[in-house]
Amino acid sequence: MNKFFTLIFRKLLFTFCSLVFVTLVNAQLVRSGKDGTPIKITVTNPKKEPVPFATITVTDRNDSLRSEKKVADSSGVALFILSKGVQYIISISAINYQPQEKGITVTDNQKTFSLSLESAAKTLGGVVVTSSKPLMRQEDDKTIVDPENLVAASTNGYEVIEKTPGLFVDQDGNIYISSLTPATVQINGRDMKMSAGDVATLLKSLPPNSISKIEIVRTPSAKYDASSTGGIVNVVLKKGVKIGMTGSVNGGMQQGTYGNQFIGFNLNNNDGNKSSFLNLNYSKRNTYEKIITDRIFAPDSMLSQDAFTKYPATTYSAGYGLTFPIGKKWDIDFGTSASLNDFDNKTSNRSVIKKISTSQTLTDNLNQVTNNGSSLNFRSGVEGKLKIDSIGSEWNNDIFYNFTQNKSEQVFATYFYTPFLTITGGDGKGDSKRNFFHLQSDLKLKMKKRFTLEIGAKSSLLNFKSITDYYKESGGNRIKDPGRTNTFNYNENINSLYLQGSQTFGKDIVLKAGTRLENTNMEGRQIIPDDTSFNIHRTDFFPYIYLSKVIMKIAGYDLRAYLVYRRTISRPVYEQLNPFPRYVDQYLSEAGNPSLRPQFTQNYEANISVDERPLLAVGVNDTKDIFTNVIYQADTSQSQAYRTYDNLGKNKEWYLRGLGVIPPGKRYFFVLGVQYNHNFYQGLYENQPLSFKKGTWTFFTYQTFKIDKRSVITLNGFMRLKGQQQFYELTSFGSLNASVNRKFLKEKLVVTLSLGDMFATNKNNFTIKQGSVDASGFRQADTRRFGINIRYSFGIRKKEESNNIFNVESPEKAN
């Protein structure tokens, strides 16, 4: 069967390569210019003087994939080939001028357009440019978030994500969008293939002001990997895009029970032909987590545990990138970065078992664990883009490599006080290495009659090796601990092809449809202590359909509706498949399930946006063979439990999401959002019928108030009512954060004061009652923090009109 699928895959790959070759050869024949009209765009200032070398972007209002960017000449003029009767959005930016957007429609009577830019506030080097970019806007099938105000009150990239309206981050580092399935996190459009904890560590190593924008893709198209059931959060990093040499130095601290400190430096250089950037960052952080649990341990006995963990860490990170053209049509983008995270975590866990009927203490012990080590991450990639024509056809090729190594040393000891005094303990070392490589090619062709064709291929390779070597103390002797020692290797290869087309009908109807084929090959082998090898080979198809239309106008703005359908997969990884038990403490172990099957989800969504801003969405996720984290009793005495993964049956999740802006003023900006998720699980749990229903309301807000031209107050937060995390039921919790920033020294210096989780409400009680498991508890972290961030911007900009590289005004202009 696998040979049959491999043969199909090879034939599709050959067909794809042939199609790429034929379309590239014939693309220029299609682009004769006969289907477009020459348009002249002139950029001037308020004095009607030309603005030279302004950046002009023209985007089809009904299809944001159709976009073209040009730089005006020394007379402020740029020429485009556009279609008659089509609505376009012109976006213009230039040094020392405020950016501007304007909608146009090409007709027989108007083929020339003139736009005037307002001067921006002058600063030394023109480093600061005031922008009126919206916080959130809808662009095709994704939401774009401008994180400028979020960055000002954050010390790393992870905190920026936490503050982003519409995203929810749980205590384990998982990021959620619409559903209760975690989203896939990308950096610059690339999957990291890392665990939630490793992704959180990576985001914490990113300087906050290195983030250019955050793209939220709730219903990814066939172009994206099918393993994006929970959507995609793409963190796009800044590059040196401003003419001249600019940079900034920033630093700050946050203080809660423990403190965070960071300092960073970034430098950008753009000579108009090639651009580069360099950033360096150092941070030192410390936080804690407190978990209290009560679990029915055995008949008439209760296990109570009180765990407190400190997470001190020091992070060093650096990044470099270079973008340059080759010839007139090729653009090459190279980027590399590395981060090193040193940690020294300490956990203290008090465990007491009492009889419920008499409150008699049966056992009392204290478990202390120290984990110290490091996490190294290195990323490097090269992307090449070929501009096939002037209306947006392009061929993108991407090569990316990601290496992660985690080293740790653990020392643990348990002190028993009741029923007798004794001490047990041990130590161990762990070393895991992850190598991930992908090669991707995407071709987009703008055809006649407003049709866009997208085809692509991708191949990824993942190799994961882990070695753990543990010892325990017994009778004064240090002996091998077979319960914790293991060695395993895991290899994953996923090959994919996709084909999708987008057609615009009439003035405002856009239909996009496509399918994706993915061939999955997974091989795992545990070498020590036992051979628990497994192999998975399968090929699946994933269709996608997208339809949008302007249904009406409100106050002159388009009200656009979207309908989306897609099919996705969630694959179990090696840790979820490896059956060997892993020791957690004397009362709990965890193990994988080699019989675990992948889960498939069909997603249906309808949403509405106003003026490219998301307004309302309703959808359903219909999942078959759902697998999730569960807790089973190890034996009938209930004294031992183990945590594993299991296919429980099916789940249907309905969700409703709304977003409103009240009012759309210039000084005060108010965003209020609400989301409702309702899950209905049906299946088997411990071989007993399972029927579990739970609804969850989430509210979030984002507000800004401009005190004056240099001061802004920001308020943001969320509240989740009676939440749910898999089968855990949570009490209501939330967080409200505030910040105020002030600009000094001609807006080159920005000082921000912040207060996170001001009412210390980001904590919750939890319960789980499924099968024979009956437990409850409390979880809290070091979330209430006061902070101060300082950023100083500097730069030397080229003024094209005077060639004055130091940007010093002449006495005549100054007067």
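The values are calculated or read from the model by the stated rules, or taken from the named source; none is laboratory data. Fair warning: this is a prediction, and the values are worked out from it, not measured in the lab. Don't worry about glycine lacking a Cβ; one is built from the backbone with ideal geometry, like all the others, and counts go over all protein chains shown. SASA here: full protein model, heavy atoms, side chains in, ligands and nucleic acids out. Shrake-Rupley method; radii C 1.70, N 1.55, O 1.52, S 1.80 Å.
Quick notes on this structure:
- Some residue of segment 718-739 being acidic (Asp, Glu), under 26 Å from residue 777 (Cβ atoms) and more than 25 Å from the chain's Cα centre (by Cα): yes
- Scanning segment 148-168 for residues that are over 13 Å from the mean Cα position of the chain (by Cα) and crowded, with 21+ Cβ neighbours inside 10 Å gives 150, 151, 152, 153, 154, 155, 156.
- Listed by first and then second residue, the pairs with beta-carbon distance under 6 Å, at least 6 apart or on different chains, first residue in segment 528-552 and under 23 Å from residue 226 (Cα atoms) and modelled with pLDDT under 90, second acidic (Asp, Glu) and open to solvent by 40 Å² or more (accessible area, probe 1.4 Å), are 535/523.
- Boolean, residue 226 is open to solvent by less than 30 Å² (accessible area, probe 1.4 Å), small (Gly, Ala, Ser) and either under 11 Å from the mean Cα position of the chain (by Cα) or more than 29 Å from residue 629 (Cα to Cα) (or both): no
- Scan of segment 186-214 for residues that are outside any loop (DSSP other than H, G, I, E, B) and either open to solvent by 20 Å² or more (accessible area, probe 1.4 Å) or polar (S, T, N, Q) (or both), ordered by number: 186, 190, 196, 197, 198, 201, 204, 209, 210, 212, 213
- Residues located in segment 72-81, provided they are open to solvent by 10 Å² or more (accessible area, probe 1.4 Å) and closer than 15 Å to residue 106 by Cβ: 79, 81
- Qualifying position, being without any contact (Cβ under 8 Å) to a residue 60 or more places away in the chain and not hydrophobic (A, V, I, L, M, F, W, C), among 425, 392, 381: 425
- A single entry from 191, 198 fulfils the requirement of being farther than 30 Å from residue 789 by Cα and among the acidic types (Asp, Glu): 191.
- Among (1) more than 30 Å from residue 246 (Cβ to Cβ); (2) within 27 Å of the chain's Cα centre (by Cα) - the single one residue 777 does not satisfy: (2)
- Taken over segment 676-695, the criterion of being surrounded by 15 or more Cβ atoms within 10 Å (Cβ to Cβ) and touching a Leu at 6+ places or on another chain (Cβ under 7 Å) is satisfied by 676, 677, 679, 681, 682, 683, 685, 690.
- Qualifying positions in segment 754-774 - within 27 Å of the chain's Cα centre (by Cα) and in a strand (DSSP E or B): 754, 755, 756, 763, 764, 766
- The set of residues in segment 739-751 that are open to solvent by less than 30 Å² (accessible area, probe 1.4 Å) and closer than 14 Å to residue 706 by Cα comprises 739, 741.
- Taking segment 155-200 as the range and being among the hydroxyl-bearing types (Ser, Thr, Tyr) and farther than 29 Å from residue 604 by Cβ as the test, the residues that pass are 155, 158, 195.
- Whichever residue in segment 276-303 is out of contact with any Gly (no Cβ under 9 Å at 6 or more places or on another chain) and open to solvent by 40 Å² or more (accessible area, probe 1.4 Å) and, among such residues, is modelled with the highest pLDDT: 290
- Among the residues here, residue 171 does not qualify as part of a strand (DSSP E or B) and more than 11 Å from the chain's Cα centre (by Cα).
- Selection from segment 232-246 of residues that are open to solvent by less than 10 Å² (accessible area, probe 1.4 Å), out of contact with any helix residue (DSSP H, G or I) (no Cβ under 8 Å at 6 or more places or on another chain) and at pLDDT below 90: 240
- Scanning segment 40-71 for residues that are at positive phi and either open to solvent by less than 10 Å² (accessible area, probe 1.4 Å) or not hydrophobic (A, V, I, L, M, F, W, C) (or both) yields one hit, 48.
- Residues in segment 592-606 that are surrounded by fewer than 18 Cβ atoms within 10 Å (Cβ to Cβ) and either of a type in the set (Ser, Thr, Tyr) or closer than 13 Å to residue 486 by Cβ (or both) were compared, and the one that is modelled with the highest pLDDT is 604.
- Scope segment 453-470; condition among the aliphatic types (A, V, I, L, M), farther than 30 Å from residue 411 by Cβ and surrounded by fewer than 19 Cβ atoms within 10 Å (Cβ to Cβ); matching residues: 453, 461
- Checked against the criterion of being part of a strand (DSSP E or B), within 30 Å of the chain's Cα centre (by Cα) and of a type outside the set (D, E, K, R), segment 352-364 contains not a single residue that satisfies it.
- Positions within segment 480-490 being surrounded by fewer than 16 Cβ atoms within 10 Å (Cβ to Cβ) and either among the aliphatic types (A, V, I, L, M) or within 13 Å of residue 524 (Cα to Cα) (or both), in sequence order: 487
- Members of segment 614-638 that are among the aliphatic types (A, V, I, L, M) and either in a strand (DSSP E or B) or modelled with pLDDT of 80 or more (or both): 615, 616, 617, 618, 620, 626, 630, 631
- Search result, residues across segment 34-60 that are at pLDDT 75 or above and of a type in the set (D, E, K, R): 40, 48, 49, 60
- Candidate set from segment 349-373 (those that are of a type in the set (Ser, Thr, Tyr) and open to solvent by 30 Å² or more (accessible area, probe 1.4 Å)); member that is nearest to residue 423 (Cα to Cα): 370
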